[in-house]
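Reviewing the structure listed below.
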Amino acid sequence: MPQTIEPETLQKHLDDDWLILDLCNDQNYTREHIPGAVHVSPRELLCGHPPVANRLPEKEQLDALATRLGLAADRQVVLYDDEGGGWAGRMAWTLDVIGHHHWSYLNGGFTAWRNEGYPVENKINSPEPRPQTVVIDTSWIARTNDIMTGLGRPGFVIWDARSRSEFDGRRAVALRAGHIPGAIHCEWTELMDPARNLRIRDDAASYLEKTGLTRNRDIVTHCQSHHRSGFTYLVARILGYSRIRAYDGSWAEWGNRNDTPVEVSE
């Protein structure tokens, strides 16, 4: 399966044994969703406790989620949300971390599905649980120390997916404002095409090349909480970037420490 599918393709496979995961707002799922879709609340993808509540959940939490979803190793998973791909991307990263690489992203998510007239339902779907024990692959994860040792190394680069005002240091959502030294700014929404119902823009590959976020570099992407950077991670994976990791601590961790270097724009 390709890692992006279009709504028309998904509609043809609604009766197949695919696991369609809805990463929309909880209330939005209750109101309407793609037929057969199973809801994963975004909060299930976060550890939820201090000092950095947005980091990867503990292994026990991931075991419980995989068990609830009946996540068999060979089952095809389709991911979508209703905001352009942030939470769907966070779920894709989580699946990579636990070794489940059979996932595809519904291009444009629920925005494209609904706006283009595809069927919806409001039935709450619950898959049959299957006991699962996950193995965490840390090669997809960047931690603070990884970044500290990578700074200044040729071929290593940070992809900051936050807003320009956060990156520049004009807007503070942590004790310190600014960005990781040397980071390249490419806000997550720059890779969406509003004219095509928030699909990934057709020229995403060349757009990233122009920013300096090239395939031959070791890239770590982050935002404030690894939600927006869920989408930038997703796009990189779809484009075949093999050297992409996510910093799940993100600015909520980096900007609240006193031992991490910070730059502000002139």
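Coordinate-derived values only; no laboratory data. From a predicted model like this one, the values you see are computed outputs, not experimental measurements. Every residue, glycine as well, gets a Cβ built from its backbone with ideal geometry; the counts of neighbours run over all protein chains shown.
May I ask for the net charge around GLU263, where only other residues with Cβ less than 12 Å from the Cβ of GLU263 are counted and Lys, Arg are +1 while Asp, Glu are -1?
Within the 12 Å Cβ shell, the charges total -2.
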> Which value in nm describes the separation of the simple spin-label points at TYR118 and ASN25, placed 7 Å from the Cα toward the beta carbon?
Replying inline: 2.1
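Grab the alpha carbons of segment 218-266, take their convex hull, and tell me the volume per residue in Å³.
On the way: hull volume 4.6 nm³, N = 49.
Hull volume normalised by residue count: 95 Å³.
Rounded to the nearest 0.05, what FRET efficiency is calculated for ASP203 and MET1 with R0 set to 30 Å and r the Cβ-Cβ distance? Could the numbers behind the result be given before it?
Values: r = 24 Å, r/R0 = 0.79.
Result of the calculation: an efficiency of 0.80.
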> Once label points are set 7 Å from the Cα along Cα→Cβ at both ALA72 and ARG257, what is their separation, rounded to one decimal in nm?
Replying inline: 4.2
>> Can you compute 3J(HN,Hα) from phi for each residue in segment 245-262, using the Karplus curve 6.51 cos²θ - 1.76 cosθ + 1.60 with θ = phi - 60°, rounded to whole Hz and x for Gly and Pro?
In response: 10, 10, 9, 6, x, 6, 5, 4, 8, 4, x, 9, 9, 10, 10, 10, x, 9
> With +1 on each Lys and Arg Cβ and -1 on each Asp and Glu Cβ, how big is the dipole of the chain about its Cα centre, in debye rounded to the nearest 20?
Replying inline: 580
> Where Lys and Arg each count +1 and Asp and Glu each count -1, what net charge lies around VAL120 among other residues with Cβ under 12 Å from its Cβ?
Replying inline: -2
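Near ALA66, within a Cβ-to-Cβ distance under 15 Å, what is the net charge of the other residues, with Lys and Arg +1 and Asp and Glu -1? Walk me through the intermediate numbers first.
Numbers: positive: LYS59, ARG68, ARG75, ARG130; negative: GLU44, GLU58, GLU60, ASP63, ASP74, ASP96, GLU128, ASP137.
Combined, the nearby Lys, Arg, Asp and Glu give -4.
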> Considering amide H positions built from the backbone, and no H for Pro or chain starts, which residues 5 or more places from PHE156, or on another chain, come under 5 Å of its amide H?
Replying inline: ASP218
> Could you give the Stokes-Einstein D for segment 138-254 in µm² per second, using the C-alpha Kirkwood radius, 4 °C, 1.567 mPa s?
Replying inline: 91
> What's the Cα-based Rg to Rh of segment 66-225, Rh via Kirkwood?
Replying inline: 1.00
